[in-house]
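S.K.: Got a structure here, written out as structure tokens. Questions coming.
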Amino acid sequence: MWVEESGPDGGAAIVFLHGSMVAGWMWAEQVAALSVDHRTLVPDLPGIGASGTEQWTGFSGVADAVAGEIEARAPGGAHVVGLSLGGIIGLNLAVNQPELCTSLLVSGVPTGSLPLPLRLLNRAMAGAYGTEFGSRLIARMFGMPDQESTDAFVATARSTDRSAIMAIVSEVSRKPLPDRLGGISVPVLAVVGEKDTAPARRAIPELMAAVPGSRGALVPGVGHQWNAEAPELFTEMVRQWVD
């Protein structure tokens with residue numbers, strides 16, 4: 001798995017896990033600010049972006065692969081931050097290998113079976129994602145903040161295994177969250193943007209009820225990809241949580 005490492009060796013390690021149809025570059029502003037005094041690890045998940053030739057092995061399998069990278073690069077464990085797909089992977093990691101997960105911060109993870117219109121939209125986007133026109137259209141739908149982000153999105157689409165995207169969409173549609181959430185023993189903070197989807201907003205009280213000692217919050221005025229909408233706020237949240 002391709003992993004970008006930044007920051008001092010002695011700093012507390014933070015792993016940033018990206019959403020679907022994007023890659024590790026989505027965390028650029030958080031990494032720039034936090035790698036001054038933290039060790040940051042930013043993978044491209046299997047099948048996506050720079051890891052496009054790696055096989056997607058399902059949420060649990062990919063979580064185990066991320067755990068392997070943490071064990072190799074930050075043997076004492078790492079704080080895990082995941083948005084959307086990255087949050088789902090983070091929850092699986094906390095369930096499977098909590099000894100490598102110092103804490104977990106997730107944002108915008110959906111819960112339950114997705115409604116039919118959202119499932120159809122996700123499938124349509126997954127089908128269009130592999131084309132130049134389709135990826136640029138999706139980038140516009142996602143509200144990419146600038147041309148640089150749009151170009152990175154399109155480049156990621158070119159190098160991503162389309163079968164991985166289809167598998168992710170299928171798995172999210174069926175059952176996004178792992179079993180055994182009640183067995184998670186690491187500190188968990190679950191947040192969601194006020195303008196995010198209903199399944200993502202619904203996940204906060206469900207996670208707080210399922211995960212012992214977890215905390216939850218609704219972030220006013222932002223949507224799904226709010227680390228780009230309000231980067232300073234997102235970064236400060238991560239810093240306060242980790243420190």
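The values are calculated or read from the model by the stated rules, or taken from the named source; none is laboratory data. What you see is a predicted model, and the numbers here were worked out from it, not measured in a lab. Backbone-built Cβ (ideal geometry, glycine too); neighbour counts: all protein chains shown. In case anyone asks, the SASA skips ligands and DNA or RNA and just uses the protein heavy atoms, side chains included. Shrake-Rupley method; radii C 1.70, N 1.55, O 1.52, S 1.80 Å.
S.K.: How large is the helix-only mean residue ellipticity at 222 nm for the chain, computed as the sum of -39500 (n - 2.57) over DSSP H runs with n ≥ 4, divided by its residue count, in deg cm²/dmol to the nearest 500? Before the final figure, lay out each step's value.
M.R.: Working: 10 runs with 113 residues, N = 243.
After summing the helix terms and dividing by residue count, I get -14000 deg cm²/dmol.
S.K.: Return the whole-Å distance between the Cα centroid of region 225-243 and the Cα centroid of region 1-38.
M.R.: Going from one Cα centre to the other spans 13 Å.
S.K.: Related question: Taking the Cα centre of each part, how many Å lie between region 73-109 and region 196-220?
M.R.: Centre-to-centre (Cα) distance: 16 Å.
S.K.: Counting only DSSP beta bridges with both residues in region 1-140, what percent are antiparallel, rounded to the nearest 5?
M.R.: So the antiparallel bridges in region 1-140 amount to around 25 percent.
S.K.: On the full set of protein chains, 1.4 Å probe, figure out the accessible area of Lys195 and give it in Å² to the nearest 10.
M.R.: My reading of the accessible area for Lys195 is about 140 Å².
S.K.: Just to confirm a number: summing +1 for Lys and Arg and -1 for Asp and Glu over residues other than Arg136 whose beta-carbon lies under 15 angstrom from that of Arg136, what do you get?
M.R.: Working: positive: Arg140, Arg158; negative: Glu132, Asp146, Glu148, Asp151.
In short, -2.
S.K.: Using amide H atoms built in the peptide plane, which far-off residues or other-chain residues are under 5 Å from Leu17 H to H?
M.R.: Val81, Gly82, Leu83
S.K.: So, for region 1-88, what is the accessible surface per residue at a probe of 1.4 Å, expressed in square angstrom?
M.R.: 33 Å²
S.K.: Separate question: Please list, in chain and number order, the residues 5+ apart from Thr102 or on another chain whose amide H is under 5 Å from its amide H, with Hs placed from the backbone.
M.R.: Answer set, sorted by chain and number: Ala78, His79, Val80.
S.K.: Multiplying the sequence separation of Met1 and Glu206 by 0.36 nm and subtracting their Cα-Cα distance, what value in nm do you get?
M.R.: Gain on stretching Met1 to Glu206: 70.6 nm.
S.K.: If you put +1 on each Lys and Arg Cβ and -1 on each Asp and Glu Cβ, how big is the dipole of the chain around its Cα centre, in Debye rounded to 20?
M.R.: With Lys and Arg at +1 and Asp and Glu at -1, about 960 debye.
S.K.: Using the Cα centre of region 187-243 as the reference point, and only Cβ charges (+1 on K/R, -1 on D/E), how large is the resulting charge dipole? Debye, rounded to the nearest 20.
M.R.: Magnitude of the dipole: close to 200 debye.
S.K.: Please name which of Phe59, Gly10, Ser103 has its Cα lying farthest along the dipole of the chain towards the positive end, using unit charges on Cβ (Lys, Arg +1; Asp, Glu -1) and the Cα centre as origin.
M.R.: In the chain, that residue is Phe59.
S.K.: Which three semi-axes in whole Å describe the equivalent ellipsoid of the chain, each the square root of 5 times a Cα gyration tensor eigenvalue, listed largest first?
M.R.: Working: eigenvalues 117, 85, 65 Å².
One finds semi-axes of 24, 21, 18 Å for the chain.
S.K.: Along the positive direction of the dipole of the chain (beta-carbon charges: Lys, Arg +1; Asp, Glu -1; about the Cα centre), which of Trp241, Ala128, His38 reaches farthest?
M.R.: Result: Ala128.
S.K.: Where both residues lie in the chain, what percent of DSSP beta bridges are antiparallel, nearest 5?
M.R.: Taking every DSSP beta bridge with both residues in the chain, the antiparallel ones total about 15 percent.
S.K.: Given a Förster distance of 41 angstrom, what is the FRET efficiency for Ser163 paired with Val36, based on the Cβ-Cβ distance and rounded to 0.05?
M.R.: Using R0 = 41 Å, I get an efficiency of 0.60.
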